[in-house]
Amino acid sequence: MSLNIKSKSVETQLSNLELAQLLAEKMTISSSDWHKLKNNRKSQALQQLTSSLVYLLNDQPEEALMRINQAQGWLDNSIKPLPCPTHGHKKTH
């Protein structure tokens, strides 16, 4: 499989790590999109896989593997979304 990169100037100006960081940033689910994408397995897996690439390029294979396993869980339906961090838990008085 060949990746067709239209702009060779971008490829030569940025390091592999910088490219991975840009991609990971683009795939990160923002807090404003969390409710919309919390059940979107593709979006969740993409977020985990792109962050795993950043960890791998930073010589942190254990962290990369954890995220790869998370991505696999999203894709094979073995992971369920967590409740909303802002209102998923009941307050106790």
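The values are calculated or read from the model by the stated rules, or taken from the named source; none is laboratory data. Predicted model, so just to flag it, every value in this text is computed and none were measured. When we count neighbours, we look across all protein chains shown, and the Cβ atoms used for this are built from the backbone with ideal geometry, even at glycine.
Here is how the numbers come out for the structure above:
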{"item": "Members of segment 38-74 that are at pLDDT below 95 and of a type in the set (Lys, Arg)", "result": "LYS38"}
{"item": "Condition broken by LEU17, with the remaining ones in (1) part of a helix (DSSP H, G or I); (2) without any contact (Cβ under 8 Å) to a residue 40 or more places away in the chain; (3) exposed (fewer than 15 other Cβ atoms within 10 Å of the Cβ) satisfied", "result": "(2)"}
